[in-house]
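Working notes, beginning with the structure itself.
The values are calculated or read from the model by the stated rules, or taken from the named source; none is laboratory data. Just so we're clear, the structure is a prediction, and the values are computed from it rather than from any experiment. Positions of Cβ are backbone-derived with ideal geometry, glycine not excepted, and every protein chain shown enters the neighbour counts.
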Amino acid sequence: MSIPMNNVISINDLDRAEIERFLAAAEDIESLSRTEQHNLLQGHVLATLFFEPSTRTRLSFQTAMQRLGGSIINLNKQASSLKKGETAYDTGKVVSGYADIAVVRSPHEGAARMFAENTGVPIINGGDGANQHPTQTLLDLYTIQQAFDGIDELKIGLLGDLKYGRTVHSLAHALSHFDVSLRLISPEQTKMPRQIVDELDNVEETNELEIDNLDVLYATRIQEERFPDRQEYEKVRGAYILDKETVWDMQDDAILMHPLPRVNEITPDVDDLPQAQYFTQARNGVPMRMAIIAELMGVDY
Ligand code: NCD
């Protein structure tokens, strides 16, 4: 199957049917044998252009491309000509002469779109500032779908830094295509931006940690690096800590997700509880990103 699309820049560019096609594609690609996967993109090159720190997004895209039989080139920001004053724009232009497809992460909102408009290869947004992280959302939805066999009818809580967290911005928008009810749990200072809340039908906002009747709780890190004022960050750091006792109160079949990295939002003793699904979620980055690369490269499988 093939999705006629050149770039993945914003989740807002995808409708429900397109989201569902990515979910199905990840399932299909995961069910292929390693050899079948390896035959799909031999000889092709993926560039990872990360102008901001990353562990999961970069490594899972690199793993995904290698599982597809392709290879990767990675921009090391510290050791590149960016250090000599070269612009990200020039770097992108040059790298698109080497690679067939690129993933871009930047602290600047709109950076991935700028790359898409100026380079000749498909561009995937690996996170642009506090704006969007669409591939994280696709793997988040894949994780929810795998746990519940569907997404409609679920009660989903988003917790923590809903103001600066790009994962929850993309996820909330994507969930507006599904028949879910959303509870947005955050301190006053890190509430979800109004324009996103306005897109949602069945939504409530609170600062109380009410999680006992949720099917999914999606916790996030307070995005320290995006606060203009350190004192504002200090006011909300540690606002919610999910420990074993707290998560114990969730429904038995509920799932606790987190895009990671966690700082102190989830204590390590939660990891053994059946609700804890954040490492499975991180692992799901590989099949979903294989599907995204394969779809953008127009591979049939
Ligand atoms: C997130 C990000 O970079 O936005 N991490 C990720 O990609 N899994 C979340 C975060 O940094 O808090």
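Within the range 56-69, does at least one residue satisfy the condition of being over 22 Å from ARG283 (Cβ atoms) and in contact with a helix residue (DSSP H, G or I) (Cβ under 9 Å, 6 or more places away or on another chain)?
Scanning the range 56-69 turns up no residue that is over 22 Å from ARG283 (Cβ atoms) and in contact with a helix residue (DSSP H, G or I) (Cβ under 9 Å, 6 or more places away or on another chain).
I want to confirm something. Restricting to the range 116-130 and keeping residues that are within 22 Å of TYR164 (Cβ to Cβ) and buried (at least 23 other Cβ atoms within 10 Å of the Cβ), which single residue is nearest to the ligand (Cβ to nearest atom)?
Restricting to residues being within 22 Å of TYR164 (Cβ to Cβ) and buried (at least 23 other Cβ atoms within 10 Å of the Cβ), the top hit is GLY127.
State which residue pairs qualify: first residue more than 13 Å from GLU27 (Cα to Cα) and inside the range 276-294, second residue modelled with pLDDT of 95 or more and among the acidic types (Asp, Glu) in any location, beta carbons under 7 Å apart, and separation of 6 or more residues or different chains.
Note: pairs meeting the criteria are GLN281/ASP140.
Which residues, taken from the range 134-150, are more than 16 Å from the ligand (Cβ to nearest atom) and either farther than 14 Å from ARG21 by Cβ or among the hydroxyl-bearing types (Ser, Thr, Tyr) (or both)?
GLN146, ALA147, PHE148, ASP149, GLY150
Identify, please: which residue in the range 208-223 is assigned to a loop (DSSP other than H, G, I, E, B) and within 16 Å of the ligand (Cβ to nearest atom) and is, among those, surrounded by the fewest Cβ atoms within 10 Å (Cβ to Cβ)?
GLN223
Considering only the range 228-265, how many residues are within 23 Å of GLU52 (Cβ to Cβ) and in contact with a strand residue (DSSP E or B) (Cβ under 6 Å, 6 or more places away or on another chain)?
Residues that pass the stated criteria total 3.
Return the total of residues in the range 135-173 being under 16 Å from the mean Cα position of the chain (by Cα) and over 30 Å from LYS235 (Cβ atoms).
Result for the range 135-173: 8.
Is it the case that some residue within the range 51-67 is in contact (Cβ under 8 Å) with a residue 12 or more places away in the chain, surrounded by fewer than 23 Cβ atoms within 10 Å (Cβ to Cβ) and more than 16 Å from the ligand (Cβ to nearest atom)?
Scanning the range 51-67 turns up at least one residue that is in contact (Cβ under 8 Å) with a residue 12 or more places away in the chain, surrounded by fewer than 23 Cβ atoms within 10 Å (Cβ to Cβ) and more than 16 Å from the ligand (Cβ to nearest atom).
Hey, among the residues in the range 224-282 that are among the acidic types (Asp, Glu) and within 14 Å of the ligand (Cβ to nearest atom), which one's surrounded by the fewest Cβ atoms within 10 Å (Cβ to Cβ)?
This residue is GLU225.
Would you check if there is a residue in the range 41-56 being within 19 Å of ALA112 (Cβ to Cβ), of a type outside the set (Ser, Thr, Tyr) and in a helix (DSSP H, G or I)?
Scanning the range 41-56 turns up at least one residue that is within 19 Å of ALA112 (Cβ to Cβ), of a type outside the set (Ser, Thr, Tyr) and in a helix (DSSP H, G or I).
Tell me, yes or no, whether the range 239-256 has at least one residue that is of a type outside the set (A, V, I, L, M) and over 18 Å from LEU214 (Cβ atoms).
no
Conditions tested, residue by residue: (1) among the small types (Gly, Ala, Ser); (2) without any contact (Cβ under 8 Å) to a residue 40 or more places away in the chain; (3) away from the ligand (no atom under 16 Å from the Cβ).
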site	(1), (2), (3)
GLU20	no, yes, yes
ALA25	yes, no, yes
LEU49	no, no, no
ASN76	no, yes, yes
